[in-house]
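The structure appears right after this line, and notes come after that.
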Amino acid sequence: FPNLISLSRYLLESATRMSKYRMPDALPMVTRVSRAELEKRACAESNPHCQVAALYEPERGIMIAEDLRPETNVFHRSILFHEVVHYMQEVGRELATAAPCERWYQRELEAYSLQNRFLSQASSPDRVSYAGARPTCEGSDQATLTHRAKTVKAPGVTD
């Protein structure tokens with residue numbers, strides 16, 4: 001793939017064929033950022049180097065580690081595909097009425113499952129799995145969720 005735009009279009013089309021989601025009207029914004037920036041945004045204080053490779057945030061789009069080469073590497077492409085699925089889940093309002101922690105968990109399981117289908121269809125021997133614990137929706141504050149002991153604001157929630 002010559003660039004992230006053409007690759008993103010291909011991944012959206014692939015995800016549309018492999019999932020229940022319709023093709024979104026717009027491509028997600030995809031930016032390369034440092035691993036340090038990804039870790040700052042995604043890792044818990046107790047595990048500041050959690051080896052995150054990519055992240056989707058509704059406000060910023062998809063951020064991928066600057067050392068990934070999804071244009072040429074199939075496994076790296078699958079990581080971007082995983083985040084494209086999260087973009088489609090958000091646009092499609094998947095589980096929008098569920099508690100934020102349950103919505104996040106169910107979306108993650110689906111993204112890993114679709115990522116494995118993507119790898120299989122690309123004839124890659126690699127597979128991925130979700131290694132975290134199922135989050136609990138504790139308390140009455142449904143605006144936050146806890147993942148690896150780091151509080152994360154649900155999309156659209158402001159202080």
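The values are calculated or read from the model by the stated rules, or taken from the named source; none is laboratory data. Since we're looking at a predicted model, the values are computed, not measured. Please note: Cβ atoms are built from the backbone with ideal geometry, for glycine as well, and neighbour counts cover all protein chains shown. Note: accessible area is taken over every heavy atom of the protein model, side chains too, but ligands, DNA and RNA are not part of it. Shrake-Rupley method; radii C 1.70, N 1.55, O 1.52, S 1.80 Å.
General observations
- GLU37 being more than 25 Å from GLN121 (Cα to Cα), acidic (Asp, Glu), in a helix (DSSP H, G or I) and open to solvent by less than 50 Å² (accessible area, probe 1.4 Å): yes
- Check on TYR21, touching a residue at least 40 places away in the same chain (Cβ under 8 Å) and outside any helix (DSSP H, G or I): yes
- Residues in the range 57-76 that are within 19 Å of ASN3 (Cα to Cα), outside any loop (DSSP other than H, G, I, E, B) and either open to solvent by 30 Å² or more (accessible area, probe 1.4 Å) or at pLDDT below 95 (or both): VAL74, PHE75, HIS76.
- Screening LEU27, LEU12 for residues that are of a type in the set (A, V, I, L, M, F, W, C) and open to solvent by less than 30 Å² (accessible area, probe 1.4 Å) leaves exactly one candidate, LEU12.
- Checked against the criterion of being in a loop (DSSP other than H, G, I, E, B), of a type in the set (Asp, Glu) and under 24 Å from ALA122 (Cβ atoms), the range 79-93 has no qualifying residue.
- From the list GLU138, GLU102, the one residue that fits, being part of a helix (DSSP H, G or I), over 16 Å from ALA54 (Cβ atoms) and modelled with pLDDT of 50 or more, is GLU102.
- Cβ pairs under 9 Å, 6+ apart, first in the range 26-41 and more than 23 Å from SER6 (Cα to Cα), second of a type in the set (Val, Ile, Thr) and surrounded by 14 or more Cβ atoms within 10 Å (Cβ to Cβ): ARG35/VAL52; LEU38/VAL52; LEU38/ILE64; GLU39/VAL52; ARG41/VAL33; ARG41/VAL52
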